[in-house]
1. What does the chain give for Rg and for Dmax, in Å, if only its C-alpha atoms count?
2. Please give the contour-minus-distance gain from residue 109 to residue 34: 0.36 nm per residue of separation, less the Cα-Cα distance, rounded to one decimal in nm.
3. A 23 angstrom limit on the alpha carbon distance is what I want to check against. Which of 28/169; 17/79; 138/184; 7/28; 131/180 exceed it?
4. Arrange 63, 147 by Cβ neighbour counts within 10 Å, fewest through most, would you?
5. By average Cβ neighbour count within 10 Å, what is the ranking of 107-118, 41-52, 132-143 from highest down?
6. Calculate the FRET efficiency for residue 74 and residue 143 from the Cβ-Cβ distance with a Förster distance of 41 Å, rounded to the nearest 0.05.
7. Go ahead and estimate [θ] at 222 nm for the chain from helices alone: -39,500 (n - 2.57) per DSSP H run with n ≥ 4, summed, over the residue count, rounded to 500.
8. Check the straight Cα-Cα distances from residue 133 and name the aspartates and glutamates below 14 Å, setting aside those fewer than 8 residues away within the same chain.
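Bear in mind these aren't lab numbers, they're just calculated from the coordinates by the rules spelled out. Since the structure is predicted, the reported quantities are computational estimates derived from the model, not experimental observations. In this analysis, Cβ positions are derived from the backbone assuming ideal geometry, glycine residues included, and neighbour counts consider all displayed protein chains.
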Amino acid sequence: MREINQKSLRGRLERVKIERALSSRCAKGLLDDSEVLINGASEYVGQNCLVRFDHRVNPSKNTPISYLVNSDFSQVPNKFEGYASSDYVLFGVWPTGIKNNNAPHDYAEFTQLYDPGFVAFFLDIGSLGSKNKYLISKRKEVQLENTLGQIIGRSLPDPDRSSRVIMTKTLRDRDLVIEKLIQKGLYPIEMEPWLKK
């Protein structure tokens, strides 16, 4: 097996074949013919999964660390060759039980459902037509006044430093986010939720 330059994978979205579970959360997989670790993929042994490599590099480990984004490939092209961090935005829909009406969710709620690696902050988009659009980090919530298109253009984090994530309350809102991302030339990639055991 060849060794991968971890720095070249920072923030990339790639297809990885899950080879074996190492624990209840972590698995080992193959990217081309190189071994990688995947958090959140232990139940997908034998499958190809979409994973995101973190921006942080661990110099004490030779094996790159990635995070499960989705096990469903219907959202990526047949000839998918990976995406650079600047090419895509991750999105999710809050499950019905924790939609929280139009109040903003908090960072802890997000990390209970999703783990795409380091997320400096995420955008929490309220129901269509509402003014409830928030930028949420571990420490604060900031209400945004701009349109969704303006928010996508101006308020997403630097893709070379953090995952870019948008959460919505409804499927209708999700569809609008997808439309706006495509208009901006970005690939919308849906995250698969997981619940910490």
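1. In order Rg, Dmax, the Cα atoms of the chain give 16.6, 52 Å.
2. 23.6 nm
3. 28/169; 138/184
4. Ranked by crowding around the Cβ, least crowded first: 147, 63.
5. 41-52, 107-118, 132-143
6. 0.75
7. -4000 deg cm²/dmol
8. Partners within reach: 106, 124, 141, 145, 173.
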